[in-house]
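Chemist: One structure is given below, represented as structure tokens, and several questions about it will come after.
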Amino acid sequence: GQFGSNKGKDFVDSDGDPYPDSMADEYHGTHVAGIASATTNNGDGIAGMSNSTVLSGRALSEQGSGSTSDIADAVQWAADQGADIVNMSLGGGGYTNTMKNAVSYAVNNGTLPICAAGNDGSSSVSYPAAYDECVAVSAVDSNENLANFSQYGPNLDVAAPGVDVLSTWNDSPYNKISGTSMACPAASGVAALGKAVEPGLNATQLRSKLKNTAVDIGLSEQEQGAGRVD
């Protein structure tokens, strides 16, 4: 219900339909989208963080693999479509000029990239979250402790709920899963609410607003960044 007339684009299969080839293996994008934007106040299922319009840039296969160039193309395309926020619940690999140029292009065109910090529990944030242009999001549990899988480090910007998060699913209506992939759209949804209140904010200002309004939950700066999104 949150998709407009433009459903998106498939950069894996190079076509205009982001619908996956096999729904049997697809769940991640559906779950992520629901956290950010599942329809609110309809008395059904869950409510997303925001009531924002969703645009699907499919850059990974059903198995979660893909190329940096496809991801970069999807980010640039989203910015060209006028997206205010690009949620990137993905990570892996290191620094590349291709991805750096894509996220720079996004910010310069008014689009804020918000990225998952990564799930290997290490003391460094994965790429693309580690780029200066991106908001890096760690995951906390319901007690506001850092999730044991969440990456952290000096490049971290904010924290968000990412453990046992209930959201939309494909073969059953709703399911709980965990990951910084779940924390990322929670932060994106909060950012979307901020953008709705102040539409004139550019990407840099929106990033600052997200961090300046975050709540200190008693973790170190490397674990929570500016705090838990609010």
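The values are calculated or read from the model by the stated rules, or taken from the named source; none is laboratory data. Predicted model, so just to flag it, every value in this text is computed and none were measured. Counting neighbours? That spans all protein chains shown, and the Cβs are built from the backbone with ideal geometry, glycine included. Just so you know, the surface numbers come from the protein's heavy atoms only, side chains and all, with ligands and any DNA or RNA stripped out. Shrake-Rupley method; radii C 1.70, N 1.55, O 1.52, S 1.80 Å.
Chemist: Go ahead and set up a Gaussian network model of the chain, Cα springs under 10 Å, then flag whichever of Tyr105, Tyr131, Tyr95 fluctuates most.
Modeler: Tyr95
Chemist: Further question: Using each residue's phi in the range 98-107, evaluate 6.51 cos²θ - 1.76 cosθ + 1.60 at θ = phi - 60° and report the 3J(HN,Hα) Karplus result to the nearest Hz, with x for Gly and Pro.
Modeler: 4, 6, 4, 5, 5, 6, 5, 4, 4, 4
Chemist: Of all alpha-carbon pairs in the range 40-111, indicate the percentage at a distance above 14 angstrom.
Modeler: In whole percent, the long-distance tail amounts to 64.
Chemist: Next question. For labels at Asp13 and Asn145 in the simple 7 Å Cα→Cβ model, what's the distance in nm?
Modeler: Computed distance between label sites Asp13 and Asn145 equals 4.4 nm.
Chemist: Moving to a separate point now. Per 0.36 nm of contour for each residue apart, how much would the distance between Asp44 and Phe3 grow if the chain were fully extended, relative to their Cα-Cα spacing?
Modeler: That pair, Asp44 and Phe3, stretches by 13.0 nm at full extension.
Chemist: From the phi angles alone, apply the Karplus equation (6.51, -1.76, 1.60; θ = phi - 60°) to the range 43-53 and give each ³J(HN,Hα) in whole Hz, x where the residue is Gly or Pro.
Modeler: With the stated coefficients, the range 43-53 comes to x, 9, x, 9, 10, x, 4, 10, 10, 7, 6 Hz.
Chemist: Right, next: Please give the net charge around Phe11, taking every other residue with its beta carbon less than 10 angstrom from that of Phe11, where Lys and Arg add +1 and Asp and Glu add -1.
Modeler: Charge balance in the 10 Å sphere: -3.
Chemist: What does DSSP give for the chain in terms of the percent of beta bridges that are antiparallel, rounded to the nearest 5?
Modeler: Bridges in the chain that DSSP calls antiparallel: roughly 30 percent.
Chemist: Continuing with the same structure: Size of the dipole of the range 47-126 about the Cα centre, Lys and Arg at +1 and Asp and Glu at -1 on the beta carbon, nothing else charged, in debye to 20?
Modeler: It comes to approximately 100 debye.
Chemist: Give the Debye-formula value of log10 I(q)/I(0) at each listed q (0.08, 0.11, 0.15 Å⁻¹), with one equal scatterer per alpha carbon of the chain, two decimals each.
Modeler: Results for the chain at q = 0.08, 0.11, 0.15 Å⁻¹ read -0.24, -0.48, -0.94.
Chemist: Given a 1.4 Å probe and every protein chain left where it sits, what share in percent of the accessible area of the chain is carbon and sulfur?
Modeler: 45 percent
Chemist: Checking the a/c ratio against 1.5 first, then a/b against b/c, what shape does the Cα gyration tensor give for the range 127-202?
Modeler: Because a/c hits 1.5 or more and a/b fails to exceed b/c, the range 127-202 counts as oblate.
Chemist: Taking the Cα centre of the chain as origin, work out the dipole magnitude from +1 charges on Lys and Arg Cβ and -1 charges on Asp and Glu Cβ, in debye rounded to 20.
Modeler: Result for the chain is approximately 540 debye, rounded to the nearest 20.
Chemist: Now for a separate question. What does the net charge come to around Val165 if you take all other residues with beta carbon closer than 13 Å to its beta carbon, with K and R at +1 and D and E at -1?
Modeler: With Lys, Arg at +1 and Asp, Glu at -1, the neighbours total -1.
Chemist: Okay, moving on. Write down the accessible area per residue of the range 120-230 in Å², having rolled a 1.4 Å probe over the full set of protein chains.
Modeler: Here the per-residue accessible area is 43 Å².
Chemist: Could you give the dipole magnitude of the range 145-228 about its Cα centre, charging the beta-carbon of Lys and Arg +1 and that of Asp and Glu -1, in debye to the nearest 20?
Modeler: Here the size comes out at about 220 debye.
Chemist: Just for the range 130-230, what percent of DSSP beta bridges are antiparallel, to the closest 5?
Modeler: Roughly 55 percent of the beta bridges in the range 130-230 run antiparallel, per DSSP.
Chemist: If you don't mind, there's one more thing I want to ask. Let me check something: with ligands and nucleic acids excluded, how do Val190, Val12 order by accessible area (1.4 Å probe), largest to smallest?
Modeler: My answer, sorted largest first, is Val12, Val190.
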